Amino acid sequence: MFAVKGSRFITHNLKLTRPRPALANFFASGVLALGGKTGPFLWQLPPGYAFRPDRVEAFLKLLPSDSAAAERLTRHHDRRVSGRALLHSPERVRYRHAFEVRHPSFLDPAFYALLRRHDASFVIADSAGKFVRADEVTASFVYVRLHGSGELYVGGYPAAELDGWAERIAAWAAPAVPPPRDVYVYFDNDALGHAPHDAIALAEKVRARLGALVPAQPCVSPASSEAHAARSRAGRTSRASRRTPRVSSA
């Protein structure tokens, strides 16, 4: 399955202002073709963008909760994708959305409440101290991005830090008080090639804590572009009462 990074034009240029045409273009640009392989959508907001409750709430209301809603949204696409728009998904699938924020004003209970209302995940991001971080769980799933230990995009994660992340992932995926959650973990410390090695090491540590709940191998991709590209994640969602934590590199 693939996680998809939302359009930078929407998050950085428009800053979520009047996003409907751009959202329609984004979902009409081929995203629907993923069908059952669609993972979470990541919306990464720029460091200089402060929390504006009305604007964020309006954007959350526009985001499609499944492929059928996305199909309806694509009808509003403009000439930029005319002649190449894809308006239909091969199957009906649920959509999940996650928000990675970098301005301290987002560390606000009002923002967390908005996310919970729409079952959207607050991205738990380790950015080597450069940007804000909060281990806030706001949805029925958890989305983690590990950008590097000590140095953004460069630093590898020592075993002790991976042990800490494994403990957190196990607690999120199989909490003492149900319900369990899917956990998506992506490594972005790929400047020196640490991401795949860290992903494999973390998967082993999580597997030692959760056993069969964890896929046999994490999904490791050489792609690291922050463009509007799909991102891989490991495994499939368990249909039983348990949920499988995903460990992947991005």
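At-a-glance table
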read-out	value
Distant-in-sequence amide H partners of Gly39 (H built 1.01 Å from N, under 5 Å)	Phe2, Ala3, Val4
Interchain or long-range residues, amide H under 5 Å from Asp182's placed H	Val142
Formal net charge of residues neighbouring Pro109 (Cβ-Cβ distance under 12 Å; K, R +1; D, E -1)	-1
Per DSSP, loop GluC sites (Glu not before Pro) in region 136-167 with at most 15 further Cβ within 10 Å	Glu151
Antiparallel bridge percentage (DSSP; both residues within the chain; nearest 5)	15 percent
R0 of 30 Å, Cβ-Cβ distance Lys37-Asp78: FRET efficiency to nearest 0.05	0.65
Reported label for calculated Rg/Rh (Cα atoms, Kirkwood Rh) given [x] 0.98; [y] 1.06; [z] 0.95	[z]
Only Lys, Arg (+1) and Asp, Glu (-1) charged, at Cβ; the chain dipole about Cα centre in debye	980 debye
Sum of side-chain charges, Phe26 neighbourhood, beta-carbon under 12 Å (Lys, Arg +1; Asp, Glu -1)	+3
Computed lengthening from Ser105 to Ala159, 0.36 nm per intervening residue step minus Cα-Cα distance	16.2 nm
Where N is the number of residues in region 1-106, Cα Rg divided by 2.2 N^0.38 Å	1.05
At least 15 Å along the helix axis (C-alpha) and Kyte average at least 0.5, DSSP helices within the chain	none
Residue among Leu62, Leu73, Gly48 farthest towards the positive dipole end of region 1-106, charges placed on Cβ	Gly48
Computed [θ] at 222 nm, deg cm²/dmol, the chain (DSSP H ≥ 4; -39,500 (n - 2.57); rounded to nearest 500)	-8500 deg cm²/dmol
Under Karplus coefficients 6.51, -1.76 and 1.60, residue-wise ³J(HN,Hα) of region 174-189 in Hz, glycine/proline x	9, x, 4, 10, x, x, x, 9, 6, 10, 9, 10, 10, 9, 10, 8
Relative contact order (%) - criterion: Cα under 8 Å, at least six apart; region: the chain	18 percent
Long-range HN-HN contacts of Ala139 with modeled amide H, under 5 Å	Phe122
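No lab work stands behind these numbers, since they all come straight from the coordinates. What you are looking at is a predicted structure, and each value in this text was computed from that prediction instead of being measured. All Cβ positions, even for glycine, are placed from backbone atoms using ideal geometry, and neighbour counts span all protein chains on display.
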